[in-house]
Structures are given as C-alpha cells and as structure tokens.
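Notes for the one structure printed next.
The values are calculated or read from the model by the stated rules, or taken from the named source; none is laboratory data. Remember, it's a predicted structure, so these values are computed and weren't measured experimentally. Neighbour counts are summed over all protein chains in view; Cβ atoms, including those assigned to glycine, are modelled from backbone coordinates with ideal geometry.
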Amino acid sequence: MNAKQLKYSLLLLLTAMIWGSAFVAQSQAMDSVGPLTFNAARMLVGGVALLPVIRLLDATRRRGGEAANPGSRRDLLIGGVCCGAVLFVASAFQQTGIQYTSVGKAGFITALYIVMVPLAGVLFGRKIGAALWAGVALAVVGMYLLCMTGEAGVNRGDALCLACALFFTAHILVIDRFSPRVDGVRLSCIQFFVAGALSLIGMILFEKPNWQGVLAAWLPILYAGVLSSSVGYTLQIIAQKNVNPTLASLLMSLESVFSALSGWIILGQGLSGRELAGCALMFAAIILAQLPGKAEKA
C-alpha cells in the first residue's frame, strides 16, 4: 500500500469512528421521533451543512488555479440521485429494523455488507485476492463475537436489517462507480437532499411527526446530521476514489467496533472478554486485507 492509499484508508477508518460514535445519538433520537422523521431531519441537515463547504472549496480551488467542478453535470446529477435513493432505502430499513431487534444483532446483520460487497464484485467481473477474502472471513467471526451476545432466532427486525445490508452494499458499489468521475462533496450534498426529500415523503405518508418530538431530539439530529451524515458520508465518497470496494467495506465495518467502544467510553457500558476478542479480530482482519498479495483486478 502506497502513501496515497494509506491516506484514504485512514479517512475510511475515521468514517467508521464517526459512524460508530454517532450510534449513541442515533439510538437516543428514536425515543422522540420515528425512523423516517429522524432520517429526513438528519439528511437535510447534512445537505445544508455541506453548502458552505462547497463554496469554500470552490473559492480555494479558484485561488489555486484549479478547476472548480471536475466531472460533468449529468454524471453528478445521476450519481447524486442514485446514491441518495439507495441511501434512503438502506437508512429506512436500518432505522426501522433496530426497533424490533437487539442492537447487537442489528449491528452484526447490517455489517454483513462486508461479505456482500466482494460477492457482488465477483458478479461484475472483479477478481478478489486471497488476503481480502481471508480478511472478510475473519471480520465476520469478529463481528459475531462482538455483536451476537443477545437472543437467538430471526425476527422482523433481523429481516429488515438484512435488507439494509443489501442496500448498503449497493450504496458502496454505486459510489465506487460515480465518485472517480465527479466532485465528491457535491455528490454527497446531492445524495443527502435526495435521501432527505424521500424520507420527508415517507414521514408524511407513514408517520405522525410533531415539532415537539423533533425539538426534543434536536441534539442527536444535529450530531447525526453534521458528523455522521455530512462529514462521514462525504469522507466515504472522497476516500473510495483510491480504495477498492472490498477493502473499503472492511474498513467501514469497524463502525461496529467503534460503536461498542463509544458505548463503553461515553455511556459506561463495559465490554466482555468475548466482545474485546471480537474487536481484536476485526482489527486483525483489516491488517490482513492490506498485506501484499495478488492485486484485485477490475
């Protein structure tokens, strides 16, 4: 791995840290608002938060004599709409699913996209190296130890979280297609407004939102909107330009580890030896996946 790839891998690691820590805010907000109401608010906040960032970056580029808008408007619009639509569906399944299953099971099932991404890549003609496959297998075992500590069996929430994993797989692959061709921050901004608008429609059709609930959840919404949505997903789009999708999914799956660690640090929820072993295996999986080996071919 060269210095440039290491840089963007670290950005994806930071993304996982942001998403993992945001789980505390995400779960607290559900006490006051419905899943679609929460998603609509956080996505729209995320989109608005990126507008001044875009202007600032454009001004910086102009001063440096760089092009302010790499990529065509058509690719940017199509990519933003596709990413936003898939993100809307994935987030809706996730937020709804965690109401009907344990947090541990939801985390494990959702993060199964680390298996689905390379499988989907194979269907599209990609060749995955042995080290990446070994890393995926090790990460699945690690996530099982970390997350599957509650009840057994499959319920409605589990099925919804499995659907969420499928759509997050699609989200990673769509980003992999469009992010090298357009401005990453603009792509992220458009996807948030699309996902927010679709969530808003769903909120009106299927929920009974009220301003009291939204105001009661303002801090979790702001935290999830600015950090988890605006910063996290933008870093994902920017970093995936230089990291293959399988390794990207492995790095982002560390969200489960950082979620457990943030619960331990912020909420005082202790980690058992089994859970610590799961965290260690997942970190080992990331290291294994980056060992020199046969390169992945498009």
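Each residue in segment 162-173 was checked for being surrounded by fewer than 19 Cβ atoms within 10 Å (Cβ to Cβ) and among the β-branched types (Val, Ile, Thr), and 0 pass. Scanning segment 168-179 turns up at least one residue that is of a type outside the set (Gly, Ala, Ser) and within 14 Å of Ile109 (Cα to Cα).
Looking only at residues that are of a type in the set (A, V, I, L, M) and touching a Phe, Trp or Tyr at 6+ places or on another chain (Cβ under 6 Å) in segment 158-173, which one is modelled with the highest pLDDT? Spell out the reasoning first.
Within segment 158-173, the first condition is being of a type in the set (A, V, I, L, M), and the residues that meet it are 159-160, 162-163, 165-166, 170, 172-173.
With touching a Phe, Trp or Tyr at 6+ places or on another chain (Cβ under 6 Å) added as a condition, the list becomes 160, 163, 165.
Working: Leu160: 90, Ala163: 93, Ala165: 88.
Ranking the candidates gives Ala163 first.
If the condition is being out of contact with any Pro (no Cβ under 9 Å at 6 or more places or on another chain), touching a residue at least 12 places away in the same chain (Cβ under 8 Å) and closer than 19 Å to Ala90 by Cα, then segment 203-216 contributes only Phe206. Selection of segment 11-62 for residues being within 19 Å of the chain's Cα centre (by Cα) and of a type in the set (D, E, K, R) yields only Arg42. For segment 123-134, a tally of residues being surrounded by 12 or more Cβ atoms within 10 Å (Cβ to Cβ) and either more than 16 Å from Ala248 (Cα to Cα) or modelled with pLDDT of 80 or more (or both) returns 2.
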